[in-house]
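The values are calculated or read from the model by the stated rules, or taken from the named source; none is laboratory data. Because the structure is predicted, anything quoted here is derived from the model rather than measured. As a convention, Cβ positions derive from the backbone with ideal geometry for all residues, glycine included, and neighbour counts pool all protein chains shown. In case anyone asks, the SASA skips ligands and DNA or RNA and just uses the protein heavy atoms, side chains included. Shrake-Rupley method; radii C 1.70, N 1.55, O 1.52, S 1.80 Å.
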Amino acid sequence: AASAPDGTAPLPIVLDSEDSLDIEVEKAEALARAGQWEPAEAAYAALLLKAPDHEEIHFNMAHLMARTGRTNEAIAHYETALKLLPNYADAHNNLGNLLVRQKKYGEAITHFEAALQVTDNDSSIYNNLGTALASSGRLAEAIPNFARAAQLNPDYAEAWFNLGRSALSLGRIDEAIPALETAVKLRPDLAPAMRTLEQAKQARKDRGY
């Protein structure tokens, strides 16, 4: 048989180190998505030995550790990811949520605000910032953030609920009731919203209108 002319034989696929790393990251992510926590953690740990300055691997390891209840370790990996990539909005947001869980509201607020400096159209970040502000007693500041979250995503029942609950806590009944009614309409199974709506309507009745 005649040999193929020079230059027509298929070339072997050669992966550079970055391509190879990306494939390994994808495999580790697939393990995590499948709930295979221990193999996924082992895969991420091996990847970090190869690429300790890879912010996405730290982010993924943090997410996995948060899912398995290891909050302090998750925080450490998010912090490392942010040292490597200071404008990593998802890392700021996720770290903020973990800090809220630890009642470190001031630190959480800083991270949510940093995330919004990067992306200002994410309804969940506005809702999270509102939650941190409300939890620290800054209800008047929380309300515009809940309102912005609901504006960006009108189907965001939790944002409407948080908006209504915060308004009611400040005695702003006429603002609270429409927000709570929207939350209940969107999520009839959201029991706290239903209870808070009943409280708001009773408060309105007590005021005689």
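Within straight-line reach of LYS83, meaning a Cα separation under 16 Å, sit the following aspartates and glutamates at least 8 residues removed in sequence or on another chain: ASP53, GLU55, GLU56, GLU73, GLU107.
Coupling constants for the range 28-45 follow from the phi torsions by the Karplus curve (6.51 cos²θ - 1.76 cosθ + 1.60, θ = phi - 60°), and in residue order they are 5, 4, 5, 4, 5, 4, 7, x, 8, 4, 5, x, 5, 4, 4, 5, 5, 4 Hz; glycine and proline get x.
For LEU48, the accessible surface of its heavy atoms amounts to roughly 30 Å² (probe 1.4 Å, protein chains only, rounded to the nearest 10).
Normalising by the residue count of the chain, find the relative contact order in percent from Cα pairs under 8 Å and 6+ residues apart. List each step's numbers first, then the result.
Details: 242 pairs, mean separation 18.5, N = 209.
The value is 9 percent.
If you stretched the chain out fully between VAL118 and GLN102, how much longer would it get, using 0.36 nm times the residue separation minus the C-alpha to C-alpha distance? 3.3 nm is the gain from fully extending VAL118 to GLN102.
The lysines whose alpha-carbon is closer than 19 Å to the alpha-carbon of LYS201, local same-chain residues fewer than 8 away aside, are LYS185. The length gained by stretching the chain between ASP53 and THR68 to full extension, at 0.36 nm per residue less their Cα-Cα distance, is 3.1 nm.
What shape does the range 50-136 take by its C-alpha gyration tensor, where a ≥ b ≥ c are the square roots of the eigenvalues and a/c under 1.5 counts as rounded, a/b above b/c as prolate, and the rest as oblate? Because a/c hits 1.5 or more and a/b fails to exceed b/c, the range 50-136 counts as oblate.
Converting phi to 3J(HN,Hα) with the Karplus coefficients 6.51, -1.76 and 1.60 and the offset θ = phi - 60°, the range 52-60 yields x, 9, 9, 5, 5, 5, 4, 4, 5 Hz in sequence order, with x at every glycine or proline. Rounded to the nearest Hz, the phi-derived 3J(HN,Hα) couplings of the range 160-176 under the Karplus curve 6.51 cos²θ - 1.76 cosθ + 1.60 (θ = phi - 60°) are 4, 5, 4, 4, x, 5, 5, 4, 5, 4, 8, x, 8, 5, 5, 7, 5, where x marks glycine and proline.
Which shape class applies to the chain: rounded if a/c is under 1.5, otherwise prolate when a/b exceeds b/c and oblate if not, where a ≥ b ≥ c are the square roots of the Cα gyration tensor eigenvalues? Here the chain falls in the prolate category.
Placing a label point 7 Å from the Cα of GLU141 along the Cα-to-Cβ direction, no residue of the range 161-186 has a backbone N closer than 11 Å. For GLU113, what is the net charge nearby, where nearby means another residue's Cβ is under 12 Å from its Cβ and Lys, Arg count +1, Asp, Glu -1? With Lys, Arg at +1 and Asp, Glu at -1, the net is -3.
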